[in-house]
Amino acid sequence: MPKVTVDGIEVEVPAGATLLQACEAAGVEIPRFCYHERLSIAGNCRMCLVEVEKSPKPVASCAMPASEGAIVRTTTEQVKRAREGVMEFLLINHPLDCPICDQGGECDLQDQSMAYGVDGSRFHENKRAVEEKYMGPLVKTVMTRCIQCTRCVRFATEVAGTPEIGAIGRGEDMEITTYLESTLSSELSANVVDLCPVGALTFRPTAFTARPWELRKTESVDVMDAVGSNIRVDARGSEVIRILPRLNEDVNEEWISDKTRFVADGLKSQRLDRPYVRINGKLAEASWAEAFAAIAAKLKGAKGERIAAIAGDLAAAEELKALKDLFTSLGSPNIDCRQDGAKIGGARSSYIFNATIAGIEEADAILIIGSDPRKEAPIINARIRKRSRVGGLKVGVIGPRVDLTYDYDHLGAGPDTLKSLASGGGFADVLKNAKAPMIIVGQGALTRKDGAAVLAASVALAKATNASFNMLHTAAARVAGLDLGLVPADGGRDVAAILDGASKGEIDVVYLLGADEIDFTKLGSAFVIYQGTHGDNGAHRADVILPGAAYTEKDGLYANTEGRVQRGNRAAFPPGEAREDWTILRALSAELGKTLPYDTHASLRDAIVAAAPHFASIDEVVAAGALPDLASGEMDAAAFDTPVKDFHLTNAIARASKTMADCSAELARSRRGAQAAE
């Protein structure tokens, strides 16, 4: 490990580190525009110039390896003049439209021109202008501001795996653009705005909406998929303006998906803000007392086997626990959190991502079964791509043939291929010979009628090849629901049986906790109680509607696909008469004469920890133990499919979002255009 002296401070840095990293290790700030620690080194902005002893001129510290005995100076007059000169060049063509720029207040160019620039320029020529480029409904461009740092180009190529952004022209005619000025197709495309050090790329949906200092910032957790990406929710008053990523190296690094980022406008559209009761076939506004009375009239005295509850995909652990306790007190064994019908449950090791998301970077062989991680969990797909770019990773896929942004061997489409691997040979040998093999099973393989048999075969293959078994969920609430026991008790009905019973008149009352993805045509004449946030599928069928709080409007615990428990924090208050979901269930229990034993959020969380002790370990992955022996079964020959048909419209909040609707329509148009061109 070389030792480098920076401004008189000696530091030891890893082999291969750059002088810029050595300066940071010494606590010295180095300005930069093109350098980013997660992207390849471009060395083209020259803002990071430093003086190195025996070098005839200033050196770009981001591109210069740290060598043994190097002596670096960052505060000399030569360095100061060099940085001032670079800043002067960068501002030659910059329009200086800070008062109307959405990047104003959080712009690297603003900050560094104040710290390292001068108050005037020697250039008086006319500034060049560049036409705006169309990059789709999410990314707004003002390319006259671009300083050509190429961060966006490198992100699209290296991290997202969709090389759709590049530079054309040379010299003063050089421009950053999308090829053929098409829409960015990556599910991670808007991260280029976070990377842009100037205002060349900004967020189109929130253009000219607010300044950063006007917003109240709250750290929270995303629920658009099961990854549990760490986010920052920026709100003004009761309105969520934007959602940005937070750094968490073990989960999402510093990226988030486009759906996570831009679903915010769905939080204020089509909201349920007061209770409703269906009278003479029509929903009418009601008070909470009237809504509870209507529910009590149906539930009081009802037999437990004739009532049922289904929990949705966005629920926090608090309301899941309250729902479980309420229906247990009512004597009902019919409760299920698997509204997609996934055949999972039992031992915790059989339904979490045991190797952890960060553990993907240690894998040297990965088998993906029945999943399209690019659509189901873009952050995990990006992590696999990151590992793939290092080299030495073999990826095999059983399921649909899709573009995952990295090379893989398509082994087959369905269970027949999985059966063949059980007998050894082929990719099974790749797993056996690997040092850190992984098997990732998606919900597309488990929501079928033979899902239990597919799960058993996958677990058996993991054991036979000594691979880690990892389940990739699509629902943010699924792991917490399974941890807290929201599965049918002995003799109870799962989702399919609840719907079948309702259609046959065997189930009288169905309680839907944000469940909008079931087949509502099978509910028959059952009395439906819908507790949720939006006027989506569940509200349309409901006989009583109880307005709940969205994930940005309540404090809640969420367990992601790897079983990591994280805290979501309230960034705004629910609209109108809507209330936090667990408080609704607590109030209803009192009306039913089955009062739940917790009056405060703290006591509810104590009850959660008592039921599932690992919920006390916040932001940690608690090991789940050994894989169970599952009973094998017959698998049919139908090919696996992905449960995510439209990435942008997977839940009630996303379907209420105009931005997500625009993205879905734009993607459909681009696909039709590609097919026509072919």
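Table for the structure above
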quantity: Shape box of segment 328-420 [Cα atoms, principal axes, largest first, Å]; calculated: 56, 30, 22
quantity: As computed over segment 270-412, the Cα convex hull volume per residue (Å³); calculated: 195
quantity: Protection proxy ranking, peptides 212-222, 547-557, 259-269, average beta carbon neighbours within 10 Å, highest first; calculated: 547-557, 259-269, 212-222
quantity: Geometric extent, Cα atoms of segment 588-678 - Rg, Dmax (angstrom); calculated: 23.3, 65
quantity: Amide H partners (placed H, <5 Å) of Gly396, local residues excluded; calculated: Ile366, Leu367, Ile368, Asp409
quantity: Length-normalised contact order for segment 60-169 - Cα pairs under 8 Å, 6+ apart - percent; calculated: 21
quantity: Residue-wise HN-Hα coupling along segment 46-55, computed from phi with Karplus coefficients 6.51, -1.76, 1.60 (Hz; x: Gly, Pro); calculated: 6, 6, 8, 4, 9, 9, 10, 4, 6, 8
quantity: Integer Hz, Karplus 6.51/-1.76/1.60 couplings in order for segment 638-643, x for Gly and Pro; calculated: 5, 5, 5, 9, 8, x
quantity: Semi-axes of the equivalent ellipsoid for segment 432-546, Cα gyration tensor, largest first, Å; calculated: 35, 16, 12
quantity: Percent RCO, i.e. relative contact order, over segment 552-662, from Cα pairs under 8 Å lying at least 6 residues apart; calculated: 19
quantity: For segment 1-67, radius of gyration divided by Kirkwood radius, i.e. Rg to Rh on alpha-carbons; calculated: 0.93
quantity: Accessible-area composition of segment 116-271, carbon plus sulfur, in percent [1.4 Å probe]; calculated: 49
quantity: The chain - Debye-derived log10 I(q)/I(0), Cα point model, q = 0.07, 0.08, 0.09, 0.12 Å⁻¹; calculated: -0.53, -0.68, -0.84, -1.31
quantity: Protein accessible area in segment 355-464, 1.4 Å probe - carbon and sulfur %; calculated: 48
quantity: Cα pair count fraction exceeding 20 Å, expressed as % - segment 523-602; calculated: 46
quantity: Computed accessible area, Arg567, all protein chains, 1.4 angstrom probe, square angstrom; calculated: 110
quantity: Whichever aspartates and glutamates have a C-alpha closer than 14 Å to that of Lys303, once near sequence neighbours (fewer than 8 apart) are set aside; calculated: Glu506, Asp508
quantity: Rg in Å to one decimal, and Dmax rounded to a whole Å, for segment 106-238 via C-alpha atoms; calculated: 16.9, 54
quantity: The chain, relative contact order in percent, only Cα pairs under 8 angstrom and at least six apart counted; calculated: 15
quantity: Label-to-label distance, nm, for residues given as Asp490 and Ala590 (7 Å Cα→Cβ offset); calculated: 3.5
quantity: DSSP bridge orientation in the chain - percent antiparallel, rounded to nearest 5; calculated: 55
quantity: Residue pairs, from the table Lys343/Lys375; Lys268/Lys658; Lys259/Lys375, whose Cα atoms sit over 18 Å apart; calculated: Lys343/Lys375
quantity: 1.4 Å probe accessible area per residue over the chain, in Å²; calculated: 40
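The values are calculated or read from the model by the stated rules, or taken from the named source; none is laboratory data. In this text, all values refer to a predicted model and were calculated from it rather than measured experimentally. Don't worry about glycine lacking a Cβ; one is built from the backbone with ideal geometry, like all the others, and counts go over all protein chains shown. Quick note on the areas: whole protein, heavy atoms, side chains included, nothing else; ligands and nucleic acids left out. Shrake-Rupley method; radii C 1.70, N 1.55, O 1.52, S 1.80 Å.
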